[in-house]
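The values are calculated or read from the model by the stated rules, or taken from the named source; none is laboratory data. Since this is a predicted model, take the numbers as computed values, not measurements. Ideal geometry is used to build each Cβ from the backbone, glycine not excepted, and the neighbour counts take in all protein chains shown.
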Amino acid sequence: MEVYCRGIARIRHKDTGVIYDIESDELDWDQVGGDERQMGPALHYEAALDHPQLGELTWGLWEYPIGIENHHDTDAGGHEVVEDFDYGLEHEEPEPDEWVDYDVPSNPFSIFMDSYRQTSLLLVDHGKDDGRDLVNRLVFSHLVTALEAYLGDTLINAVAGDADAMQRLIDGDDELSKEKFTLAEIRKDPDLVERRVREYLRAILYHNLAKVDVLYNIALSIRILNLTSNKDDLFNLSYSRGRDFGLF
């Protein structure tokens with residue numbers, strides 16, 4: 001995993017009301033701490049900036065379990081964050097030949113539910129009340145991966161089968177809207193744009209639900225995070241399900 005940080009942060013001074021812009025390349029990210037927990041190490045990444053007018057500003061990320069962005073936090077020292085960076089954790093982008101032959105299944109939901117049922121039976125037969133048990137941890141990690149695959153395959157299928165959805169994604173996504181191709185490239189490969197969109201969607205980290213929610217909303221007008229209007233309730237539900245698996 002590596003930290004990504006894009007865009008700008010705009011912070012309003014709490015006393016003067018002046019808004020200051022901070023570029024993402026002004027930050028240097030480092031791993032500053034970590035500890036051992038039930039499902040392995042929890043890692044803490046941080047970037048700090050000593051701004052001449054705003055004082056010390058910090059941005060923090062937590063990775064737990066390994067490979068999962070658990071939480072991020074911006075500390076503006078009492079000033080108002082008008083606009084923040086787009087920042088988080090991501091895997092290094094794979095080379096295209098790693099998944100060029102990947103065929104997206106036509107029934108991702110059925111595949112996900114089969115996986116859920118099979119791992120639930122495995123947990124009943126071999127899991128333990130202690131969340132540190134290897135089987136419990138493997139089941140949890142597998143279900144996260146299965147959810148990522150379901151969200152990714154579903155979005156790729158929907159966009160590939162709907163030209164309007166693909167156009168909305170190209171227009172509305174910050175990264176795709178910046179893509180530029182020459183006439184020679186397009187003439188050489190008429191499917192260049194569609195292929196680039198598929199490559200981009202395959203490279204997304206689908207456990208980053210905030211990012212996935214934006215993509216689904218742009219392309220399909222679906223908000224996957226509208227399960228509840230109360231984020232505390234959503235957290236409590238997630239905690240309860242994790243406790244059912246013996247993970248907390």
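The table below lists the values:
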| quantity | calculated |
| --- | --- |
| Unique residue being closer than 19 Å to residue 198 by Cα and touching a Pro at 6+ places or on another chain (Cβ under 8 Å) when the list is 149, 160 | 149 |
| Residue list for the range 103-144, filter: touching a residue at least 60 places away in the same chain (Cβ under 8 Å) and exposed (fewer than 12 other Cβ atoms within 10 Å of the Cβ) | 129, 130 |
| Hits in the range 183-207 - residues which are surrounded by 13 or more Cβ atoms within 10 Å (Cβ to Cβ) and of a type in the set (Gly, Ala, Ser) | 203 |
| Residues being in contact with a helix residue (DSSP H, G or I) (Cβ under 9 Å, 6 or more places away or on another chain) and part of a helix (DSSP H, G or I) - total across the range 174-190 | 4 |
| Residue in the range 208-224 that is farthest from residue 112 (Cα to Cα), counting only those that are charged (D, E, K, R) and surrounded by 14 or more Cβ atoms within 10 Å (Cβ to Cβ) | 211 |
| Boolean, residue 67 is modelled with pLDDT of 80 or more and either farther than 30 Å from residue 17 by Cβ or surrounded by 14 or more Cβ atoms within 10 Å (Cβ to Cβ) (or both) | no |
| Qualifying helices (runs of 4 or more DSSP H) (wholly inside the range 99-173; at least 3 residues being over 24 Å from the mean Cα position of the chain (by Cα) and of a type in the set (A, V, I, L, M, F, W, C)) | 108-126 |
| Strands (runs of 3 or more DSSP E) wholly inside the range 13-84 that include at least 2 residues being under 21 Å from the mean Cα position of the chain (by Cα) | 29-37, 40-51, 55-63, 69-75 |
| Cross-chain or 6+ apart pairs with Cβ under 9 Å, the range 200-224 first and within 15 Å of residue 153 (Cα to Cα), then assigned to a loop (DSSP other than H, G, I, E, B) and acidic (Asp, Glu) | 200/173; 200/175; 200/179; 203/93; 215/173; 219/162; 219/173; 220/162 |
| The listed residue being in a helix (DSSP H, G or I), modelled with pLDDT under 55, out of contact with any Ser or Thr (no Cβ under 6 Å at 6 or more places or on another chain) and not hydroxyl-bearing (Ser, Thr, Tyr), out of 202, 195, 243 | 243 |
| Meets criteria (within 26 Å of residue 135 (Cα to Cα), touching a residue at least 40 places away in the same chain (Cβ under 8 Å) and not assigned by TED's automatic domain parsing to the domain that holds residue 211) for residue 65 | yes |
| Of all residues in the range 85-98 being among the acidic types (Asp, Glu) and part of a strand (DSSP E or B), the one that is modelled with the lowest pLDDT | 90 |
